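Shown next, in structure tokens, is the structure this report addresses.
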Amino acid sequence: MQFKRFIEIGRVAYIAYGPSKGKLIVIVDVIDQNRVLVDGPCTAVKRQAVNIKQLHLTKFVIKMPYGLRTGLIKKIWEKEEIEKKWAKTVWAKKIASKKLRENLSDFDRFKLMKMKQARNRLINTEFGNLKKKTPRVPIKKRKPNKVIHEKKIKIKGM
């Protein structure tokens with residue numbers, strides 16, 4: 001499978017590290033091999049230089065010319081509905097569920113455990129019922145392998 005997510009102008013990225021962690025931005029310009037100029041007009045990230053190692057590239061690309069201003073980037077961002085597209089991805093859903101689990105209280109974790117136990121109990125009882133309904137097939141007994149005994153020949157004088 002070919003790599004298709006490149007650092008390019010208009011590429012939407014997810015900030016994985018740093019003060020703006022967890023926000024979406026768009027790459028406006030490539031400064032050098034280690035840094036890019038980014039802007040996040042709808043995610044409250046000001047235009048700034050960011051190390052490429054802090055970014056995770058998404059599959060979304062905004063078609064925009066070189067050096068576009070923040071206001072125009074915001075219009076294109078809203079027109080292409082990047083936030084809605086991002087929210088539909090499995091990646092965003094996984095991040096949201098992790099954040100939800102982090103914010104659970106002790107009692108919420110207890111309730112979750114009890115719900116899981118109830119679900120597993122239902123699954124196991126249904127599986128047991130299905131197992132009882134299926135006819136048992138007798139297991140064929142295997143014949144023991146015939147062991148060939150070699151005769152030991154005794155030679156006199158040894």
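The values are calculated or read from the model by the stated rules, or taken from the named source; none is laboratory data. Small disclaimer: the values here were computed from a predicted structure and weren't measured. All Cβ positions, even for glycine, are placed from backbone atoms using ideal geometry, and neighbour counts span all protein chains on display.
Can you name every residue in the stretch 17-50 that is modelled with pLDDT under 95, surrounded by fewer than 17 Cβ atoms within 10 Å (Cβ to Cβ) and among the small types (Gly, Ala, Ser)?
Residues satisfying the conditions are Gly18, Gly22, Ala44.
Please go through the stretch 16-32 and give me each residue that is in contact with a helix residue (DSSP H, G or I) (Cβ under 8 Å, 6 or more places away or on another chain) and more than 14 Å from Ile73 (Cβ to Cβ), ordered by number. Lay out the reasoning, then the answer.
Of the residues in the stretch 16-32, the ones in contact with a helix residue (DSSP H, G or I) (Cβ under 8 Å, 6 or more places away or on another chain) are 16-18, 22, 24, 26, 28.
Ala16, Tyr17, Gly18, Gly22 - these are the residues of the stretch 16-32 that are in contact with a helix residue (DSSP H, G or I) (Cβ under 8 Å, 6 or more places away or on another chain) and more than 14 Å from Ile73 (Cβ to Cβ).
Take the stretch 1-16 and flag every residue that is under 17 Å from Ile82 (Cα atoms) and either surrounded by 12 or more Cβ atoms within 10 Å (Cβ to Cβ) or without any contact (Cβ under 8 Å) to a residue 24 or more places away in the chain (or both).
Selection gives Arg5, Ile9, Gly10, Arg11, Val12, Ala13, Tyr14, Ile15.
Is the stretch 66-76 home to any residue that is assigned to a loop (DSSP other than H, G, I, E, B) and crowded, with 17+ Cβ neighbours inside 10 Å? Break it down into steps so the answer makes sense when it comes.
Applying the first criterion (assigned to a loop (DSSP other than H, G, I, E, B)) to the stretch 66-76 yields 66-69.
Remaining after also requiring crowded, with 17+ Cβ neighbours inside 10 Å: 68.
Scanning the stretch 66-76 turns up at least one residue that is assigned to a loop (DSSP other than H, G, I, E, B) and crowded, with 17+ Cβ neighbours inside 10 Å.
Which condition number in (1) of a type in the set (Lys, Arg); (2) within 28 Å of Tyr17 (Cβ to Cβ); (3) in a helix (DSSP H, G or I) is the one that Lys132 fails?
(2)
Which count do you get for residues in the stretch 42-73 that are of a type outside the set (A, V, I, L, M), out of contact with any Leu (no Cβ under 7 Å at 6 or more places or on another chain) and more than 14 Å from Arg11 (Cα to Cα)?
Total satisfying the criteria: 9.
Restricting the search to the stretch 99-112, which residues are assigned to a helix (DSSP H, G or I), within 23 Å of the chain's Cα centre (by Cα) and exposed (fewer than 10 other Cβ atoms within 10 Å of the Cβ)?
Of everything in the stretch 99-112, just one residue is assigned to a helix (DSSP H, G or I), within 23 Å of the chain's Cα centre (by Cα) and exposed (fewer than 10 other Cβ atoms within 10 Å of the Cβ), namely Glu102.
Would you say Lys46 is farther than 20 Å from Lys99 by Cβ, without any contact (Cβ under 8 Å) to a residue 40 or more places away in the chain and part of a helix (DSSP H, G or I)?
no
Test Glu150 against the stated conditions and say whether it is of a type in the set (Asp, Glu), outside the structural domain of Lys23 (by the TED database), assigned to a loop (DSSP other than H, G, I, E, B) and without any contact (Cβ under 8 Å) to a residue 24 or more places away in the chain.
Yes; evaluated as a whole, the condition is true for this residue.
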